[in-house]
Amino acid sequence: MSQQVVLGLTAGIAIYKIPRLVSLLVQNGFEVDVIMTDDAKRFVSPLVFSTLSKRMVYTDMFDEKTPQPLHIRLATDCSALFIAPATANTIAKIALGIADNLLTAVALALPPKTPRLVAPSMDENMFLNPATQANLKTLQERGWKVIQPESGRLATGKVGKGRMPEPEALFDCLLSALRKKIRS
């Protein structure tokens, strides 16, 4: 049986890297369910991800075709949840327990031992803001693996910390988290 990864996509320019991550996952035998926030769809079309994953992309909390609530089914069936890119907004919502969209509802509905990863991607000032740092610390205390952003050229043109790592590095982080789950 292949492993199922739920990949949560939020609205950040780094979303352009995620089609490569989906391809890597599929090529390595993973089933990939993609959840996109409404604003993420403004950057890349869901069609890109459904084509690469060969699965439906989820964008709405309510799916009348599913007898079980969608967020419960996705959370229960997945081997890991990986949110990349993760905006300050989504990180804050999860840290505060706000479930106002499908992605944050899935994050809150995960079984306790399910690996959960988040790859922040944002402007350096937003990343270093004490509120964002406190939210990331909260997530880590609750078992989330935070993939630290790199320093480099940001969307604003300035150079600083906040750049999401490349897809290959994200893939390696996910594999590592899944291996740790198997060993425990």
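Pairs linking a residue in the stretch 1-21 that is polar (S, T, N, Q) to a residue that is in a helix (DSSP H, G or I), with Cβ atoms under 7 Å and 6 or more positions apart or on different chains, are GLN3/LEU178; GLN4/ASP77; THR10/ALA40; THR10/THR90. Checked against (1) modelled with pLDDT of 95 or more; (2) small (Gly, Ala, Ser); (3) touching a Pro at 6+ places or on another chain (Cβ under 6 Å), GLY12 passes all but a single condition, namely (1). Residues in the stretch 47-103 that are farther than 26 Å from MET126 by Cβ and hydroxyl-bearing (Ser, Thr, Tyr): SER50, THR51, SER53, TYR58, THR66, THR76, SER79. Candidates in the stretch 113-128 are the residues that are of a type in the set (A, V, I, L, M) and crowded, with 21+ Cβ neighbours inside 10 Å; of these, the one that is farthest from ALA80 (Cα to Cα) is MET122. Here ASN125 clears all of (1) in contact with a helix residue (DSSP H, G or I) (Cβ under 8 Å, 6 or more places away or on another chain); (2) assigned to a helix (DSSP H, G or I); (3) not small (Gly, Ala, Ser) except the condition numbered (1).
Any idea which of VAL44, VAL22, VAL57 is of a type in the set (A, V, I, L, M) and farther than 24 Å from LEU154 by Cα?
Values: VAL44 fails: farther than 24 Å from LEU154 by Cα; VAL22 fails: farther than 24 Å from LEU154 by Cα.
Of VAL44, VAL22, VAL57, the one residue that is of a type in the set (A, V, I, L, M) and farther than 24 Å from LEU154 by Cα is VAL57.
Going residue by residue through the stretch 95-109, is there one that turns out to be of a type in the set (A, V, I, L, M), touching a strand residue (DSSP E or B) at 6+ places or on another chain (Cβ under 9 Å), without any contact (Cβ under 8 Å) to a residue 60 or more places away in the chain and closer than 24 Å to ALA169 by Cβ? No, there is no match, as no residue in the stretch 95-109 is of a type in the set (A, V, I, L, M), touching a strand residue (DSSP E or B) at 6+ places or on another chain (Cβ under 9 Å), without any contact (Cβ under 8 Å) to a residue 60 or more places away in the chain and closer than 24 Å to ALA169 by Cβ.
In this entry, LYS17 passes the filter for residues that are crowded, with 16+ Cβ neighbours inside 10 Å and not β-branched (Val, Ile, Thr). Give just the number: which of (1) assigned to a helix (DSSP H, G or I); (2) touching a Ser or Thr at 6+ places or on another chain (Cβ under 6 Å); (3) not basic (Lys, Arg) does PRO85 not satisfy? Looking at each condition in turn, PRO85 falls short on (1).
Scan the stretch 148-180 for residues that are surrounded by 13 or more Cβ atoms within 10 Å (Cβ to Cβ) and basic (Lys, Arg) and report the count. So the count comes out to 2. Identify all residues within the stretch 27-82 that are surrounded by fewer than 16 Cβ atoms within 10 Å (Cβ to Cβ), assigned to a helix (DSSP H, G or I) and touching a Leu at 6+ places or on another chain (Cβ under 8 Å); write none if there are none. Within the stretch 27-82, none qualify. Considering the conditions (1) surrounded by fewer than 17 Cβ atoms within 10 Å (Cβ to Cβ); (2) of a type outside the set (A, V, I, L, M, F, W, C); (3) part of a helix (DSSP H, G or I); (4) in contact with a Ser or Thr (Cβ under 9 Å, 6 or more places away or on another chain), THR90 is excluded by exactly one of them, (1). Residues that are more than 28 Å from CYS78 (Cα to Cα) and polar (S, T, N, Q) were ranked within the stretch 139-184; the one that is modelled with the highest pLDDT is SER151.
The values are calculated or read from the model by the stated rules, or taken from the named source; none is laboratory data. This one's a predicted model, so the numbers in the text were calculated from it and none came from an experiment. Using ideal geometry, Cβ is built from the backbone for each residue, glycine included, and neighbour counts are taken over all protein chains shown.
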